[in-house]
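Working notes, beginning with the structure itself.
The values are calculated or read from the model by the stated rules, or taken from the named source; none is laboratory data. Just so it is clear, the model here is predicted, and its values are computed rather than measured. Positions of Cβ are backbone-derived with ideal geometry, glycine not excepted, and every protein chain shown enters the neighbour counts.
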Amino acid sequence: MVPAITPAQQSTAEPGILGSSLPAALLATKPATEGSGSVAGTVLDISGASVAGAEVSLLPRDGTQPHTMASGAGGEFNFIEILPGSYFVMVNAKGFAVFTSAEFVVAALQAYEVPNISLSLAATSMEVTVHPTDVIAAEQIRAEEKQRLVGILPDFYTSYVNDAAPLTWKQKFSLATRGTFDPIAMVGVGVAAGIEQANNSFPGYGQGAEGYGKRFAAKFADGRSSDYLTHAIFPTLLHQDPRYYYQGSGTVKSRLLHAIGSAFFTRGDSGRTEPNYSYVLGDMCSGALSNLYYPQANRGVHLVFSNAAVGLAGRVGGNILREFLPKH
């Protein structure tokens with residue numbers, strides 16, 4: 001006889017030992033991938049009857065791709081080859097309220113059994129909080145990184161969700177990296193350098209391939225420093241949101257004022273409207289850094305303010321395109 005083990009039990013699988021009331025075939029006592037664990041459980045209703053065909057999702061705490069499967073005839077489920085880390089389980093079944101487990105940690109080679117999965121009948125109207133804020137933000141970023149104006153121009157910093165979750169500092173740097181090194185952004189650098197070459201802007205760089213290379217490097221440095229300073233570094237230090245929030249309704253005048261004003265006012269991580277110090281300080285600092293690599297004759301305070309003005313003007317123009325170009 002094998003003594004019963006409580007549902008809350010967490011055990012490290014050992015060959016030949018059945019450490020759960022679930023059938024042996026459902027327990028990953030020896031995961032296929034070395035160092036991985038397993039997560040199992042049984043979906044029941046409030047009467048204790050099993051619920052078959054329920055959608056069971058295993059959601060990593062870090063917001064990476066979830067695992068999903070349907071519960072078996074006896075309500076059982078088993079996720080194998082699970083990497084060590086923090087997880088929670090969400091269960092969706094027709095006619096029942098959504099169930100979300102408490103967060104739990106799976107260790108290497110551990111066979112974890114999720115306790116007390118009991119579904120209650122769905123209410124006519126209910127609100128369920130499923131994900132932590134940073135997980136919701138990660139999902140919203142994944143959607144934003146697919147956005148492009150006219151199918152070409154990167155539009156990663158436009159939020160169509162008015163109450164979007166605030167970004168963590170890691171997410172701000174990740175989004176800045178994704179946007180600033182997008183291939184289309186690199187094409188833009190090349191075009192801008194070509195225009196300067198044709199106009200002989202900054203003659204100290206000279207002409208020919210060498211002159212074009214210097215102009216390209218300068219425009220590349222201008223854009224990367226501006227992007228990181230305005231979208232990641234200062235928003236992290238000042239707890240501000242670097243995204244543009246699409247209005248999409250109202251008169252043309254109100255939408256135009258919203259687009260222009262967003263270059264000077266932004267939303268803080270707390271949700272309050274604040275002066276957009278991140279953009280102003282970021283563009284000023286980026287302009288100051290340009291004194292390190294522009295020709296000697298063009299350096300000085302005027303270079304700082306001219307580059308900062310160009311940066312702010314570019315943001316105003318970009319916001320107007322974000323507001324009126326897409327049909328969202």
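A few notes on this one:
- Of all the listed residues (G317, G311, G268), the sole one being without any contact (Cβ under 8 Å) to a residue 40 or more places away in the chain and closer than 23 Å to F220 by Cα is G317.
- Residue match in segment 294-307 (condition: touching a strand residue (DSSP E or B) at 6+ places or on another chain (Cβ under 6 Å) and outside any helix (DSSP H, G or I)): no
- Scope segment 216-251; condition β-branched (V, I, T), in contact (Cβ under 8 Å) with a residue 24 or more places away in the chain and farther than 30 Å from F202 by Cβ; matching residues: T236
- Within segment 167-187, residues that are more than 16 Å from R142 (Cα to Cα) sit with their Cβ atoms under 7 Å from residues that are loosely packed, with under 14 Cβ neighbours inside 10 Å, at 6+ positions apart or across chains, in these pairs: I184/I152.
- Residue satisfying condition, being of a type in the set (D, E, K, R), farther than 27 Å from N298 by Cα and out of contact with any Phe, Trp or Tyr (no Cβ under 8 Å at 6 or more places or on another chain), within set D269, D222, D227: D269
Results for (1) in a helix (DSSP H, G or I); (2) surrounded by 14 or more Cβ atoms within 10 Å (Cβ to Cβ); (3) modelled with pLDDT under 90, shown as yes or no for each residue.
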| position | (1), (2), (3) |
| --- | --- |
| T124 | no, no, yes |
| T129 | no, no, yes |
| A137 | yes, yes, yes |
| S174 | yes, yes, no |
| A185 | yes, yes, yes |
| E196 | yes, yes, yes |
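- Applying the criterion of being at pLDDT below 90 and not in a helix (DSSP H, G or I) to the residues of segment 271-293, the residue that is farthest from D163 (Cα to Cα) is Y293.
- Residue within segment 285-301 that is among the β-branched types (V, I, T) and crowded, with 18+ Cβ neighbours inside 10 Å present: no
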